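Have a look at the structure below, then the notes.
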Amino acid sequence: MNPYHMIRLFLFSLASALLFLPTQAAEVPFPLPDPDGKPGDATKPVKVYILAGQSNMVGMGDLSGAKNVYTGVYLSSDPYVPGGLYQEPPFQIYRVGNYKTSPLAVYLPNGKKTDKPIAEGQLEVPQHGVYQLHCGFGESSYNVMQLDGGEVYRRESGGKLVKQDVTLQPGKRYKFKISGFKGTPPRFWMQKMDLLGNGDLEAVAKREGKFPWLVDGDGKWTVRHDVYFQEARLAKDGKGSPLSATSNGRSIGPELGFGHVLGTFHDEQVLLIKTAQGNRSLGFDFRPPSSGRTDPDNKFESAEYKLMVEGVRKTLDNIAKIVPGYKGQGYEIAGFVWFQGHKDSGAEQSISEYEKHLVNLINDVRKEFKTPKLPAVVATIGFGGHNMQDKFLRILKAQMAVGDVKQHPEYAGTVASVDTRDFWREIDESPRNQDYHYHRNAETYMLIGDALGRAMVGLLGGKAEPFPLAPRPKRVAGKQTAEPSDEEKAAAQNALKPIILDGIAASYISNPRYNKALLQEAAGERPQRPNQFLRGAMYGLENCYRAAGIDDYDWHPFGPDLNKVQWGYYSFDPKEGQPKEKGNRYRKVTYPTGMENWIMPAFDAGKAGWKKGLQPFGQLDGKLAALSETCNAPFCRCGDKPKTLWGKEVLLVRGTVDLPPLKKGHRYRIVAGGAAHVNSGEGYAIYVNGKLLAESKTGVAVRQGGQPRGAHIYSDFRDEFKGGKVTLAATSFLRYNHPRRGLQPPRGHISLQIEEQKLPPLK
């Protein structure tokens, strides 16, 4: 044997034997000291920690770039304005943005709180920031408003509206006065203008001053040269890096908080080996050998466990290249860290067996690396905090059980579980709405990592001062509240109306992100890349008006009822076959002889042997049956039983109808009903007078379902509707597969409907 390897083996064996001998207790304080920039003691074996799990161990805490979860925050003096984000219909505003409306604290001049329309009083904001004040709506908006003696709003009849931004502090009451108004005394409302992003590491550490050891005196991220980080699973050829906020790329995981704690605790060099992969389960992907196999022939079962072990071994084989200043002093596998659980929550068996698999995982990792008492710390899942769903709570209980000496006395002093629910942060505090990734909140990942590190220090015989956390409310499920009366709903809608029309709608129209698209849609301009889905920028504006109780701009049927038209149709199996297991079946096919011009107005369908029938056309496993028992979307109609059987793979339909003239100030579309669900329908083509209006070569992909499909009638096609008589034609394909389940009974559903919309004002 090579002498170097003999020495290395000796050192490893010695280290493993000595690792669990009593050590002198060390104190890890709070706050942690700033890194001193010095490397660890290279005369002692490197302390190695294995960090494993799924995507949250990979690290989903945003480093920077957080934007406020709300695109607008509005406060109103009207008590009927609903508070918070999660508002029940009819107050939701879809596809416009994420808006928050809340009542504003308003007081009479004598300091008593009021909910009456007033012209003079005091106001108090809940949060520091820059605000604009908007006074009244309609007739009552013609006035002047002063705040602490300064003019903040002026609107004179025939004059331009003038508003001033003001910076306000919470906990302070500001005097206001409204004069010169017409109509009723106004209830005013306010818009917060400085919506800063929350919850990324830049905001948490540099703006809010949390975790000061992460930032140096120049405002740059600190670097630990005594702790080294290696991503063994996702960056197999990576060279590792000294631990810093940027070690994991543009996001952080628990390794940052964990590494700072263990770097403070150890004098030695520390190596963190992360072997994590997203969307992986413990019961299948990480399934440990001791749990046995459910399917010996499935190459994916237990694959992630094997890759974890492989990643650790390859890293340790190359430790001299990974840890700077390594001098052959050997290493000690000092601890194992596990952070996972979301994937297993989807199946009852995975939930019920989670504790068993976790015990087996810890035991098998110890066997793999010949460390029978290897300290292990487990982070529970914490989705929703203390308002956690039952399926997650059951996994949390299983994770807590392995660290409970009463339930697992064999793990006393060697396994600890960390309850992460207190580290959950709500959407308001976070960069994104992504609950399965803790809303990408960097503070959450830092706190989890820090807690895991302090728990590990305790298992190693040291002491760690607890990280002090401000008390956070333990939320409980809300009680059932009575349904608001029609009068209460109307009052709330009226209270929201000025905010929606003068605030949300106005800001939406003027927003550069939407304004160009709105103008193009109103003009009927064909986009460079037409979409099979019919909801564009105008959909957001429609929803603004709808939320304000105005339905003038909704889509309505246009022309004759196409459900009463006797359509010509023909169905056939093309000679251009395609395996039924394959999706996206829409393709070029050879039409039966004599049907090459089936889309043209002059085509004689009767002579070509076509049949006549009513829409919808469809089938489910060869029967006239609805595709969905739950779908009630009027644009989809999958819940409707087909009127005419769609027998073979390809369906051709055509019909000629009399239409009234198209109106100015309106736009038009043809909705292709049927299969608006993910992995349900196929592609299609729609023709007008023999000309291709729209084509979709695919069905509905993941996260695209639940919206109308079809084609807008753009300005370059409006001439086709001048003559009154219009020939419509469409084709589509049956679907035989499901991307996850493989073959399924054939299914298809299609119908056509012409609709019109009055254009809303864009000024």
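The numbers here are math on the coordinates, done by the rules we state, and not lab data. In this text, all values refer to a predicted model and were calculated from it rather than measured experimentally. Here the Cβ positions follow ideal geometry from the backbone for every residue, glycine too, while neighbour counts run over all protein chains shown.
Given the chain, what percent of its DSSP beta bridges are antiparallel, to the nearest 5? Don't skip to the answer; put the middle values down first.
Details: 89 of 127 bridges.
The answer is about 70 percent antiparallel.
For Cα Rg over 2.2 N^0.38 Å, several values are listed as (i) 1.09; (ii) 1.19; (iii) 1.00; flag the one computed from this structure.
Checking each listed value against the structure points to (ii).
Considering only DSSP beta bridges whose two residues both sit in the stretch 177-302, what percent are antiparallel, to the nearest 5? List each step's numbers first, then the result.
Values: 5 of 10 bridges.
For the stretch 177-302, the DSSP antiparallel bridge percentage is about 50.
Apply the Karplus parameterisation 6.51 cos²θ - 1.76 cosθ + 1.60, with θ equal to phi minus 60°, to every residue of the stretch 715-724 and state each ³J(HN,Hα) to the nearest whole Hz, in sequence, with x for glycine and proline.
Rounded to whole hertz, the list is 4, 6, 10, 5, 4, 5, 9, 6, x, x.
According to a simple spin-label model (label point 7 Å from Cα along Cα-to-Cβ), what is the distance in nm between residue 132 and residue 95?
For residue 95 paired with residue 132, the spin-label model returns 2.6 nm.
Please state the charge dipole magnitude for the stretch 655-763, taken about the Cα centre, from unit charges on C-beta atoms (+1 on K and R, -1 on D and E), reported in debye and rounded to the nearest 20.
Charge dipole, the stretch 655-763, about its Cα centre: 360 debye, nearest 20.
When the Cα centres of the stretch 161-217 and the stretch 145-160 are compared, how far apart do they sit, in Å?
Taking the Cα centre of the stretch 145-160 as reference, the centre of the stretch 161-217 is 20 Å away.
Computed over the Cα atoms, what is the radius of gyration of the stretch 72-198 divided by 2.2 N^0.38 Å, N being its residue count?
In units of the 2.2 N^0.38 Å rule of thumb, it is 1.05.
Could you pull out the pairs from 691/758; 582/697; 306/367; 582/648; 611/697 whose alpha carbons sit more than 19 Å apart here?
Long pairs (Cα-Cα over 19 Å): 691/758; 611/697.
Could I have the simple spin-label model distance between residue 529 and residue 513, label points 7 Å from Cα toward Cβ, reported in nm to one decimal?
Distance between label points: 1.8 nm.
Relative to a virtual label point 7 Å from the Cα of residue 279 in the Cα→beta-carbon direction, which members of the stretch 310-344 show backbone nitrogen distances below 17 Å?
Residues 341-344 fall inside that zone.
Take every DSSP beta bridge with both residues inside the stretch 33-153 and express the antiparallel ones as a percent of the total, to the nearest 5. Show your work: numbers first, answer last.
On the way: 8 of 13 bridges.
That works out to approximately 60 percent antiparallel.
Which distance in Å, rounded to a whole number, links the C-alpha centroids of the stretch 42-77 and the stretch 347-393?
21 Å
Quote the relative contact order of the stretch 468-608 in percent (integer), defining contacts as alpha-carbon pairs under 8 Å separated by 6+ residues.
19 percent
Aspartates and glutamates near residue 397 by alpha-carbon distance under 16 Å, same-chain residues fewer than 8 away left out - which ones?
Cα-Cα hits under 16 Å: 344, 348, 353, 355, 419, 422.
Quick check: the angle from helix 255-265's long axis to the longest principal axis of the chain, C-alpha only, nearest 10 degrees?
20 degrees
Out of all Cα-Cα pairs in the stretch 555-758, roughly what percent, to the nearest whole number, are more than 23 Å apart?
41 percent
Within the set 112/177; 274/370; 643/663; 38/67; 100/182; 575/612, which residue pairs have Cα atoms separated by over 26 Å?
Violating the 26 Å Cα-Cα cut-off are 643/663; 38/67; 100/182.
How much space per residue, in cubic angstrom, does the convex hull of the C-alpha atoms of the stretch 267-409 take up? Display every interim value, and only then the final one.
Numbers: hull volume 20.6 nm³, N = 143.
Convex hull of Cα atoms, per residue: 144 Å³.
What percent do you get for the relative contact order of the chain when only Cα pairs under 8 Å and 6+ apart count?
14 percent
Taking the mean number of other Cβ atoms within 10 Å as a proxy for protection, how do you rank 264-275, 36-47 from highest to lowest?
Values: 264-275: 23.9, 36-47: 16.5.
Highest to lowest by the protection proxy: 264-275, 36-47.
Taking 0.36 nm per intervening residue step and subtracting the Cα-Cα distance, what contour gain separates residue 698 from residue 656 on full extension?
12.4 nm
Can you give the relative contact order of the stretch 555-758 as a percent, counting alpha carbon pairs under 8 Å and 6+ residues apart?
Taking the mean separation of contacting Cα pairs over the length of the stretch 555-758, I get 31 percent.
May I ask you to order 167-177, 220-230 by the average number of other C-beta atoms within 10 Å around their residues, highest value first? Walk me through the intermediate numbers first.
Working: 167-177: 14.0, 220-230: 21.8.
My ranking of the peptides, most packed first, is 220-230, 167-177.
What does the C-alpha gyration tensor say about the overall shape of the stretch 272-311? Classify as rounded when a/c is under 1.5, otherwise prolate if a/b is larger than b/c, or oblate. If you can, show how the numbers build up before the last one.
Values: a/c = 2.10, a/b = 1.80, b/c = 1.16.
Prolate, because a/c is 1.5 or more and a/b exceeds b/c.
Compute the acute angle (0 to 90°) between the alpha-carbon long axis of helix 486-498 and the principal axis of greatest extent of the alpha-carbon atoms of the chain; round to the nearest 10°.
The angle comes out near 80 degrees.
Based on Cβ point charges of +1 for Lys and Arg and -1 for Asp and Glu, what charge dipole magnitude is obtained for the stretch 691-730 about its Cα centre, in debye rounded to the nearest 20?
In debye, rounded to 20, the stretch 691-730 gives about 100.
For a quick protection proxy, order the peptides 338-346, 428-436 by their average other-Cβ count within 10 Å, most packed first. Walk me through the numbers on the way to the answer.
Details: 338-346: 24.1, 428-436: 17.9.
Order by mean packing, descending: 338-346, 428-436.
Give the calculated FRET efficiency between residue 744 and residue 220 to the nearest 0.05, with a Förster radius of 56 Å applied to their Cβ-Cβ distance.
Computed FRET efficiency for residue 744 and residue 220: 0.50.
Going by alpha carbons, how many degrees (0 to 90, nearest 10) lie between the helix axis of 512-523 and the longest principal axis of the chain?
20 degrees
Residue by residue through the stretch 121-126, which ³J(HN,Hα) values in whole Hz follow from phi under the Karplus form 6.51 cos²θ - 1.76 cosθ + 1.60 (θ = phi - 60°), with glycine and proline marked x?
Per residue, the Karplus-derived 3J(HN,Hα) values read x, 9, 10, 9, 8, x Hz.
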